[in-house]
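**Student:** The structure follows.
The values are calculated or read from the model by the stated rules, or taken from the named source; none is laboratory data. Predicted model, so just to flag it, every value in this text is computed and none were measured. Backbone-built Cβ (ideal geometry, glycine too); neighbour counts: all protein chains shown. With ligands, DNA and RNA removed, areas are computed over all heavy atoms of the protein, side chains included. Shrake-Rupley method; radii C 1.70, N 1.55, O 1.52, S 1.80 Å.
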Number of protein chains: 2
Amino acid sequence: MKRAVDQPPPLGTTVTVDDENAVDGPLHDQVYRRLRHALVTGRIVPGRAVTLRGLAQSLGVSPMPVREAIRRVSAEGGLEVGANRRVWVPAMDGERFDELIRARILLEPEAAVRALPHIDRERLERLRDIDDSIDVALERGDVEAYMAGNHRFHFEIYAANPSRVLVPLIESLWLQFGPFMRSVYGRLGTVALVDHHVDALDAIIAHDADALARAIRADIMEGMELIATSVLTVPAAADLPEDRRRA
Amino acid sequence: MKRAVDQPPPLGTTVTVDDENAVDGPLHDQVYRRLRHALVTGRIVPGRAVTLRGLAQSLGVSPMPVREAIRRVSAEGGLEVGANRRVWVPAMDGERFDELIRARILLEPEAAVRALPHIDRERLERLRDIDDSIDVALERGDVEAYMAGNHRFHFEIYAANPSRVLVPLIESLWLQFGPFMRSVYGRLGTVALVDHHVDALDAIIAHDADALARAIRADIMEGMELIATSVLTVPAAADLPEDRRRA
DNA sequence: TCTCGGGAAATGTGATCACATTCTGCTGGA
DNA sequence: TCCAGCAGAATGTGATCACATTTCCCGAGA
């Protein structure tokens, strides 16, 4: 096995995206949610090919709803369709990572500040519960549970704002980050991860918009530095095979 | 006819989204591009319902590729699917407008600055041509041509950066703005529109990143003030019928 | 050991059909 | 004049099939 790291496995390999929740609504919606959750928690590695029939069989549904779910996720940047119309999880490179981080820093503090007045007591309680579950995940070294909790924490804040403008944009960014972050955590383990959400919680309780923006920003910067100090060599995007170009 | 402004017409009314270019690639891709162009140039009014079979018939294709195109556009925020799974062009309200403008101001100057080093002589020439066509459109009072040119101008800049992170985010914002701006221009005419792209062109020629960011920002702010000073009363989102809630 | 074909398998695309749900418009009654 | 109710039309969803293209796999040849 001489395959390089993060090189895609042979096509047609089954991809498991099982997810307990999300069992109502149209089938394509359920497939969409399960696929998205699998990406956000990094259950699918970058470069992995996703096929219609393969994913359909792995989920026990017909190819039809999978088609719509894949189209939807790829429109959000979570999957990439090639010139040969084949779909895979996009690979990460330095430039893309930098822009993703920049977009997160621009959008997420803004979204948090705009959501702040909408955060009521119950939501704050849920945020505390999520934060606790993150601590548990970190103690147990459960990377996947940590990533799921981290995602839920951030969007439990942003989604307090009923407007659906900033949230979908930020969701798109997380969708693109998930698989890569997982591969990073996989090399580092959870020991390097720290829970920085207490500052955000304090700012919410104090109704301090500036402090909340700073806490969110610090949380993002921290994750970025974790990458910078650990994975100095990011795979170059130049040496992709011809058929892996974007459509 | 007692229907209020921007109220959706009866379902099933055909929507024309003809577009000259874009005739290669998969059918669902062509439908996607034509649908998107129709939205960006404001050819479809907010509140207008979009049906599978209706759009398919109006484009002369089967409902299948339309289904994927609609799913893709709605994932980008250009269409909204209701709890009854029906699709329409989202209506605008004050909060949404504010967040869209804010996101544009955060993302577009950044995208322009990152694209600046990639703008070569040929692209600059294309930008000049586009700017000329905008002037022609303004003189002729052709709103649709103005909107198409304005879109092409901005993305001819942003897309110089080969990375596909910021551009899709900004595309999503324009997709949501298009129908609303058209209805605004429809009331004002093109006399209120000014071409502010010369500052951007000068900044590009001078390789001045700060000046470019300022020019883009000013262009966005200008459009916003045009709305603020003209359409003070934006339709309230509260009085939407039950079935028009987001899914 | 490596390279080049060639047949088989797998892929995405599009069309068509069936079905449950929802909307529309008319009719009846008060 | 208004409103409830019903029948018919229209809608989105999902399944299945056919087809062109691409990819994979294995063996022949150097």
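**Student:** Name the helices (runs of 4 or more DSSP H) wholly within the stretch B:26-93 that hold at least 2 residues that are among the polar types (S, T, N, Q) and either within 12 Å of DNA strand C (Cβ to nearest atom) or surrounded by fewer than 21 Cβ atoms within 10 Å (Cβ to Cβ) (or both)?
**Tutor:** In the stretch B:26-93, the matching helices (runs of 4 or more DSSP H) lie at B:52-59.
Conditions (1) more than 10 Å from chain B (Cβ to nearest Cβ); (2) more than 18 Å from residue A:206 (Cβ to Cβ); (3) surrounded by 14 or more Cβ atoms within 10 Å (Cβ to Cβ), marked per residue:
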position: A:102; (1), (2), (3): no, yes, yes
position: A:108; (1), (2), (3): yes, yes, yes
position: A:116; (1), (2), (3): yes, no, yes
position: A:127; (1), (2), (3): yes, no, yes
position: A:138; (1), (2), (3): yes, yes, yes
position: A:150; (1), (2), (3): yes, yes, yes
position: A:161; (1), (2), (3): no, yes, yes
position: A:164; (1), (2), (3): no, yes, yes
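**Student:** Could you tell me how many of the residues in the stretch A:4-22 are more than 19 Å from the chain's Cα centre (by Cα) and either more than 16 Å from DNA strand C (Cβ to nearest atom) or at pLDDT 95 or above (or both)? Please lay out each step first, then the result.
**Tutor:** Within the stretch A:4-22, the first condition is being more than 19 Å from the chain's Cα centre (by Cα), and the residues that meet it are A:4-5, A:7-14.
Going one step further and asking which of them are either more than 16 Å from DNA strand C (Cβ to nearest atom) or at pLDDT 95 or above (or both), we end up with A:4-5, A:7.
Residues meeting the conditions: 3.
**Student:** Out of contact with any Asp or Glu (no Cβ under 7 Å at 6 or more places or on another chain) and within 16 Å of DNA strand D (Cβ to nearest atom): is that true of residue B:65 in this structure? Quick ask: steps written out before the conclusion?
**Tutor:** On the way: out of contact with any Asp or Glu (no Cβ under 7 Å at 6 or more places or on another chain): yes; within 16 Å of DNA strand D (Cβ to nearest atom): yes.
Yes: the conditions hold for residue B:65.
**Student:** Then there's this: Listed residues A:229, A:233; which is open to solvent by 60 Å² or more (accessible area, probe 1.4 Å), closer than 30 Å to residue A:110 by Cα and at pLDDT below 95? Quick ask: steps written out before the conclusion?
**Tutor:** Numbers: A:233 fails: closer than 30 Å to residue A:110 by Cα.
Matching residue, one of A:229, A:233: A:229.
**Student:** Sort out which residues of the stretch B:30-87 are within 20 Å of residue A:73 (Cα to Cα) and in contact with a His (Cβ under 7 Å, 6 or more places away or on another chain), and write them in order of number.
**Tutor:** B:65, B:68, B:69
**Student:** Which one of A:92, A:64 is within 14 Å of chain B (Cβ to nearest Cβ) and closer than 30 Å to residue A:228 by Cα? Even if it seems obvious, please write down each step before you answer.
**Tutor:** Values: A:64 fails: closer than 30 Å to residue A:228 by Cα.
Going through A:92, A:64 in turn, the sole match is A:92.
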